[in-house]
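The block underneath contains the structure these notes are about, expressed in structure tokens.
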Amino acid sequence: MKVGSIGSIIKKVLLFTLGAVVVSATASHLYWKYSGSGEWELLHVKDGVTVHTLKASGETHLQFKMQGTFTGSLGAIMKVMRDPEACDEIGCFDSKIIKTQDYPRYQYYTFKYAYGSPFDDRQYVVRSEFKQDPITKEIYTDFKAAVDLLPEDDCCVRVTHMHNIWEFKPLGGNQVEVQFTLNEKPNGWVPYFLFNQIHTSTVHQNVEWLQEILDLDKYKNAVVDYVEEYEPVTTAVSTSE
């Protein structure tokens, strides 16, 4: 057989193999995209934290919901969650408040996250909403993308899909139950399977991460003027016969 003929055969085999890989990858992508029950399903329980995932048909990114408990005051929690100065502990940078509306219910601000090479940094422009139940003192706060509030910045990729919800339920004794729902897409070039895998492996660590920050001296006794702390109601026990 001539050398040229061998080269031609090898080229055809390689092209066929590449085509098969592309077809298989496309089929796998379409199967994943249009699968999903649209319901929360238990993923795992790790380090006392329960994690559920939700896969909606037509979407490639998973949503995550984690539940756990930690120790801290409600004021300290909100200091970490809504104060731009906490950005250094959280891992973001260039955080600043843009405006406040109907204080303390709405707060608009921006911050950035370094995704690391080869990915571009991400810029977030968000609206934070705060609500506290006057009886139970439970706190609801969500962070929703407000992409039109600031013009695009060449520094980063703007995250356009974000609606993350934090709920804090005081249990007494400075114990707090937390539920965190992650509904976010990083935009730009970050493969969805990488995003899903990273959060599948790490989202439960948010409880440990938050506890480590709350244990810092600067947050242990933090006070926020719009947060009411939880004081459990005690029922007097009658000693009369």
Requested in this report: In whole Å, largest first, what are the principal axis extents of the Cα atoms in the range 108-154?
Outcome: 48, 23, 10
Requested in this report: Enter the Cα centre distance for the pair the range 59-120 and the range 198-232, rounded to the nearest angstrom.
Outcome: 11
Report task. Using a 10 angstrom cutoff on alpha carbons, build the Gaussian network for the chain and name the most mobile of 34, 109, 230. Result -> 34
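Strictly over 25 Å apart at the Cα level, which of 99/131; 112/218; 65/131; 65/137; 185/220; 33/65 would you flag in this model?
Violating the 25 Å limit, Cα to Cα: 185/220.
Under a point-charge model restricted to the Cβ atoms of Lys and Arg (+1) and Asp and Glu (-1), what is the dipole moment magnitude of the range 113-168 relative to its Cα centre, in debye to the nearest 20? Intermediate values should be presented prior to the final figure.
Working: 6 positive and 11 negative charges, 35 e Å.
Magnitude of the dipole: close to 160 debye.
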Query raised in the report: Between residue 163 and residue 225, what is the FRET efficiency for a Förster distance of 30 Å, r being their Cβ-Cβ separation, to the nearest 0.05?
Result: 0.65
Query - Rounded D (µm²/s) - the range 86-186, Kirkwood Rh over Cα pairs, Stokes-Einstein at 4 °C, 1.567 mPa s - result: 87
Report task. Using a 1.4 Å probe and ignoring any ligands, DNA or RNA, find the accessible area of residue 41 and quote it in Å² to the nearest 10. Result -> 100
Report task. Provide the FRET efficiency to the nearest 0.05 for the residue 148-residue 195 pair, computing r from the beta carbons and using R0 = 25 Å. Result -> 0.55
Query raised in the report: Over all pairs of distinct alpha carbons, what does the Kirkwood formula give as the hydrodynamic radius of the range 24-100, in Å?
Result: 15.9
Query - Probe 1.4 Å, accessible area per residue of the chain, Å² - result: 59
Report summary line: Per residue, the convex hull enclosing the Cα atoms of the chain spans a volume in Å³ of 201
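The values are calculated or read from the model by the stated rules, or taken from the named source; none is laboratory data. This is a predicted model, so every value here is computed, not measured. When we count neighbours, we look across all protein chains shown, and the Cβ atoms used for this are built from the backbone with ideal geometry, even at glycine. The area values use the complete protein model at the heavy-atom level, side chains included, leaving out ligands, DNA and RNA. Shrake-Rupley method; radii C 1.70, N 1.55, O 1.52, S 1.80 Å.
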